[in-house]
Amino acid sequence: MKWASVFAVCLFVCGSTYAATGKLLATPGVSQVEGSAGGGIVPWAQLAGYASEDEWSASGFCSRASLKDYQLDVCGVQANLFDRVELSFARQNFDVDALNLDIEQDIVGAKVRLYGDIVYSKYPQLSFGIQHKSLDDATVANLLGAEDDSGTDYYLAASKLHLGAVGGYNWFWNITMRHSRANQLGLLGYGGANDSTPWQLEASSAVFLSRHWAVGAEYRQKSNNLGLGESDWKDIFVAWIPNKSVSVTAAWLDLGKIAGQTSQTGWYLSVTGYF
Amino acid sequence: MKWLSLTAILLFLVACSASTPKTSLYVQIGGNIGAEKLVDAFIKQIGNDDVILPYFRESNVRHFREGFITHLCDTLDGPCDYEGDSMVQIHTGMAISESDFNRVVDLLINAMSEVGIAHSVQNQVLARLAPMRSEVIKL
């Protein structure tokens, strides 16, 4: 992971130079596996980084999901322009143990904040985003019956942080509606003979136990275009946000059936640095 | 009959808990003494912050202290009526940015932690103050 080492060095070198700090601690969320600000698997309405409307910010992350038969490594970067536009780039490396094979994919993302602020506005913050994904090599995708080697997801996300709402603790929720033809994030291509409804529901919720610790759960509906019984994804997570420069997230994943292999559960670890 | 009596007991309990006056946030932060300690800690936080202090260049600290204590008391359901200048009047011309507003929230959180206000009470205090943001920023 060349990316990971570059990222790690930057985290220490760049971390102390300039960083926008205009948002409240933890309110940008963390980084999801396709590179957008979000939870672990769901993109949220918040934009990455601590930039407020007068600021810009940059952030970078690396994540690893280690499942029974697979491993997914992702690293990416994000830019936040005036808390209005988020641009992101992520590179995924999906390791299939049994076939001794890597599937690689690039994801370019953009998100626009349409309304509100997760803390202060009366109604939830609302954002619209796109994620354009393309596989390096579509051999496996073609073999499984996928129609395309690239695709564009778009989504509408709403999120809100309720101060002191649950026994005095801060409560966060997000709901995302995504239009996607991707099979397993697109790692197994796009579309297929069994093309089903392209609209998928995703949701996250978390409670902040303190300013620095949050625990929560996520759900992501999946389509089953390849007819391989693609399962909805679930996770429970704990996030540590010691300051506005770094966040660390650990999760337990239940991704169900992936390419015929059942019970894909495992661990997830993600680090985001804010510059 | 068992269900009926159980229901009656439950109803009684619910009615009881509903009629018991909830301890006000003002009492939970320690009443008048607590509010004074909090505002003093907050003033100290502001005094040590190079970004926020300039906003107070024209302010009379004693006036701000008395005003904020009464305002907190009123906002947190204490036995006070804040009759000072409105939030809009006070902050007009200061052109406070989103970023600096959140920085002040951070200072207030620091002050609340410093005087030992519990995390859950801090959040409820912030929940009461947050809706006033539009009367404070970008004026």
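If r is the Cβ-Cβ distance from B:T23 to A:N194 and R0 is 60 Å, what FRET efficiency results, to the nearest 0.05?
Numbers: r = 58 Å, r/R0 = 0.97.
About 0.55, to the nearest 0.05.
The alpha-carbon of A:K68 sits under 14 angstrom from the alpha-carbons of these aspartates and glutamates, leaving out residues fewer than 8 places away in its chain: A:D95, A:D97, A:D254. Per-residue mean of foreign Cβ neighbours for A:155-168 is 3 (Cβ atoms of other chains, 10 Å radius). Selection among B:M132, A:P124, A:G76 by position relative to the dipole of the protein assembly as shown gives B:M132 as farthest towards the positive end (Cβ unit charges, Cα centre).
So what's the net charge close to A:D106: Lys and Arg +1, Asp and Glu -1, counting the other residues with Cβ under 13 Å from its Cβ?
On the way: positive: A:R91, A:K133; negative: A:E34, A:E104, A:D136, A:D137, A:D149.
My count for the surroundings of A:D106 gives -3.
Helix A:2-13 and the longest principal axis of the C-alpha atoms of chain A enclose an angle of approximately 10°.
Return A:L25, B:L53 ranked ascending by Cβ neighbour count within 10 Å, so the fewest neighbours appear first. Write out the running numbers ahead of the final one.
Values: A:L25 19, B:L53 11.
Listed from fewest to most nearby Cβ atoms, that is B:L53, A:L25.
Sorted ascending by nearby beta carbons within 10 Å, beginning with the fewest, A:I41, A:I175 become A:I175, A:I41.
Peptide A:109-118 has a mean of 0 when you count, residue by residue, the C-beta atoms of other protein chains within 10 Å of its C-beta. Rounded to the nearest whole Hz, the Karplus-based 3J(HN,Hα) values (6.51 cos²θ - 1.76 cosθ + 1.60, θ = phi - 60°) of the stretch A:224-230 follow the sequence 10, 5, 8, x, 9, x, 4, with x at glycine and proline.
Counting other beta carbons within 10 Å of each Cβ, put A:Y219, B:Y26, A:Y50, A:Y123 in order, fewest first. The partial results should precede the final answer.
Values: A:Y219 15, B:Y26 21, A:Y50 26, A:Y123 9.
So the ranking, lowest neighbour count to highest, is A:Y123, A:Y219, B:Y26, A:Y50.
Across the stretch A:70-83, rounded Karplus estimates of 3J(HN,Hα) from the backbone phi angles (6.51 cos²θ - 1.76 cosθ + 1.60, θ = phi - 60°) give 9, 9, 10, 10, 9, 10, x, 10, 9, 10, 10, 9, 6, 6 Hz, Gly and Pro being marked x.
Within the same chain, lysines fewer than 8 places from A:K160 are excluded, and of the rest, those with a Cα less than 16 Å from its Cα are A:K23, A:K122.
In summary, the aspartates and glutamates within cross-link reach of B:K37, defined as a Cα separation below 15 angstrom excluding same-chain residues under 8 places away, comprise B:E66, B:E114. 3J(HN,Hα) along the stretch A:125-130: 5, 10, 9, 10, x, 10 Hz, from the Karplus curve 6.51 cos²θ - 1.76 cosθ + 1.60 with θ = phi - 60°, whole Hz, x for Gly and Pro.
Scaling the Cα radius of gyration of the protein assembly as shown by the globular reference 2.2 N^0.38 Å produces a ratio of 1.13. A straight line joining the Cα centroids of the stretch A:158-183 and the stretch A:73-110 runs 22 Å.
FYI, it's all coordinate maths here, none of it is from the lab. Remember, predicted model here, so these are calculated numbers, not experimental data. Every residue, glycine as well, gets a Cβ built from its backbone with ideal geometry; the counts of neighbours run over all protein chains shown.
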